[in-house]
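These notes are about the structure you will find just below.
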Amino acid sequence: MSQLCTNGQTPEAFLQTQVTATLDPGEKIQKGLSLLWSPCGQAAWDKMREFHKVKVIDLEPPTHLADVLNNFQWDAAKTLPDGTVVYGGEDSEARRAEIRETLRKKVGANAAAMIGPYLPPGRVDANTVRLGSAIFVSCISHSPRFPVGFALKKSVFSFSNGQGTPVQGFGSEGPHAANLGDALEIIADDFKGSVILRLPFFVEAKSTPCFLTLAKIPGLTCLEDGIQRVRQALKSPLPADQAIKQNDKWWRYHNQLSAVDRFWMPKLKTTLSCDYGELIGKEYLHQLGGLGITYWKIREAQQLLSFRLDEQGAMTQAVFKIVPDFLSSSGGGVASLEAPKVETLPFLPRVFSFDGPFLVALWMKGAEWPYLACWVDSEEVLIKK
């Protein structure tokens, strides 16, 4: 996917780093690369389609990314967290000032700085006149907290290339794990290396419930595949208890942690600013009329994405901006084996350690898509000190 992302470094230095953001959940996962996706950009694109009163925006020349944005199916009202704002309409200095102030309050100065000065109608070059412009901005700012505390602990995170590094993290084990209750639920486990956990966040008064999912899925090819696997597990989670047989012994498999279990995951933190070259400079809605050939041309397509996850909770801030000019141009389950009563069995000791590449996603209750998904496989999203 064509985009240039930086995380506070110069573009040249950032080319050596291994984390990027995408607008396409179907983008392929690459070894040693952490990848973030949020539907924040989709919300702005949908607002642009609404403004032009079209179902599809066909760019010239065509791009794969435009096809992805045009064909994405979702329920924005269920997916986007409380407090999300989406602006869209004709561009003006007054509108920009309003958007700038909203972004400053919700996200901060860096987000507000994305909204530059208004460019009025006027000649662009010898053959092109700007008749007007539009601006579309979406903003997510959400910081839910865990309802319980987790213990801080360092451990080694192993990347897909076989290398590892000590990083900060958090987790639970022993009596503390047994007391977590429904604060951590195992919703899928194929007993072959794939496991999915669900951790709910604290629900504020009159707010929509939301939660975190963690998924270790060997052989995952793209974020969308992982999201589909998680979605399926959310709809058909493991039963509260089941009897399983391992090494010729029967065990109790509970969908919550017990005193013989251990859970650990790394802290995550990253901030990205991305320009989407696959959209910038592309034209659409060409018409021939009294003003000659008129058309829209995307001048800016930019995203600011900041994500943090630690023992207290998660913070997601995402801002997407797209500015087109209106121009005129002249010229698995286990089979039953007569298992004994599950409540009489000892708990199966388990380790849920996300110490290798994994998928983390943040969801609103009832949504088919998360409002943020991150594939973790590079040092740039981990905290070492």
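Here, each number is a calculation from the coordinates, and none is a lab measurement. This structure is a prediction, so every number in the text was calculated from the model and none was measured. Don't worry about glycine lacking a Cβ; one is built from the backbone with ideal geometry, like all the others, and counts go over all protein chains shown.
The reciprocal of the average 1/r between distinct C-alpha atoms defines the Kirkwood hydrodynamic radius, which for region 256-385 equals 20.2 Å.
From the cross-link list Lys28/Lys106; Lys47/Lys105; Lys31/Lys321; Lys105/Lys321, which pairs have alpha carbons spaced over 27 Å apart?
Details: Lys28/Lys106 32 Å; Lys47/Lys105 22 Å; Lys31/Lys321 29 Å; Lys105/Lys321 17 Å.
Result: Lys28/Lys106; Lys31/Lys321 exceed 27 Å.
Grouping the Cα pair distances of region 132-234 into 5 Å bins from zero gives a pair-distance distribution of 2, 9, 14, 16, 20, 18, 10, 5, 3, 2, 1, 0, 0 percent in increasing distance order.
Remark: the Leu131-Ser207 segment gains 23.1 nm on full extension, using 0.36 nm per residue and subtracting the alpha carbon distance. With one equal scatterer per alpha carbon and no solvent term, the Debye-computed log10 I(q)/I(0) for region 85-146 at 0.15, 0.21, 0.26 1/Å reads -0.54, -0.84, -1.07. The residues Lys192, Lys78, when put in order of fewest to most other Cβ atoms within 10 Å, stand as Lys192, Lys78.
Model label sites at Lys245 and His52, defined 7 Å from Cα along the beta-carbon direction, differ in position by 6.2 nm.
Express the relative contact order of region 227-291 as a whole percentage, based on alpha carbon pairs under 8 Å and six or more residues apart in sequence.
The normalised contact order for region 227-291 reaches 17 percent.
When you have a sec, figure out the Kirkwood radius of region 37-152 from all distinct Cα pair distances and drop it here in Å to one decimal?
On the way: mean 1/r = 0.0601 Å⁻¹.
Answer for region 37-152: a Kirkwood hydrodynamic radius of 16.6 Å.
For region 85-193, the residue among Val124, Ile186, Gly174 whose Cα projects farthest onto the positive side of the dipole built from Cβ charges is Val124.
The chain: D in µm²/s via Stokes-Einstein (Kirkwood Rh, Cα pairs, 10 °C, 1.306 mPa s)? List each step's numbers first, then the result.
Working: Rh = 22.7 Å.
Stokes-Einstein gives a translational diffusion coefficient of 70 µm²/s.
With helices as the sole contributors, the chain gives -4500 deg cm²/dmol at 222 nm; each DSSP H run of n ≥ 4 counts as -39500 (n - 2.57), and the sum is divided by every residue.
Ordering Phe202, Pro324, Trp37 by Cα displacement along the dipole of the chain toward the positive end leaves Phe202 in first place; charges were set at the Cβ atoms of Lys, Arg (+1) and Asp, Glu (-1).
Rounded to the nearest 20, the size of the Cβ-charge dipole of region 340-381 about its Cα centre is 380 debye, with Lys and Arg at +1 and Asp and Glu at -1. Panel order for Val376, Val195, Val85, by other beta carbons found within 10 Å of each beta carbon, from fewest to most: Val85, Val195, Val376.
Projecting the Cα atoms of Trp296, Ile227, Val56 onto the charge dipole of the chain (Cβ charges, centred on the Cα centre) puts Ile227 farthest toward the positive pole. Based on Cα contacts under 8 Å between residues 6+ apart, region 336-385 shows a relative contact order of 26 percent. Listed by chain and number, the aspartates and glutamates whose alpha-carbon sits under 16 Å from that of Lys245, ignoring those within fewer than 8 places in the same chain, are Asp189, Asp190, Glu338, Glu343.
Which order do Trp363, Trp251 fall in if you start with the one that has the fewest other Cβ atoms within 10 Å? Walk me through the numbers on the way to the answer.
Values: Trp363 27, Trp251 19.
Fewest-to-most Cβ neighbours within 10 Å comes out as Trp251, Trp363.
Using the Karplus relation 6.51 cos²θ - 1.76 cosθ + 1.60 with θ = phi - 60°, the per-residue 3J(HN,Hα) values for region 63-80 come to 9, 5, 5, 4, 4, 4, 5, 6, 9, 5, 10, 6, 10, 4, 4, 8, 8, 6 Hz, with x marking Gly and Pro.
Here the Karplus relation 6.51 cos²θ - 1.76 cosθ + 1.60, evaluated at θ = phi - 60°, turns the backbone of region 361-374 into coupling constants of 9, 10, 10, 9, 4, x, 7, 8, 10, x, 8, 7, 9, 9 Hz, with x for every Gly and Pro.
The HN-Hα couplings worked out from phi for region 88-104 by the Karplus form 6.51 cos²θ - 1.76 cosθ + 1.60 (θ = phi - 60°) are x, x, 5, 7, 6, 5, 5, 5, 5, 5, 5, 5, 4, 5, 4, 5, 4 Hz, whole numbers, x standing for Gly and Pro. The charge dipole of the chain, taken about the Cα centre with unit charges on the Cβ atoms of Lys, Arg (+1) and Asp, Glu (-1), comes to about 660 debye, rounded to the nearest 20. Extension gain, Lys31-Tyr118: 0.36 nm per intervening residue step, less the Cα-Cα distance, totals 27.2 nm.
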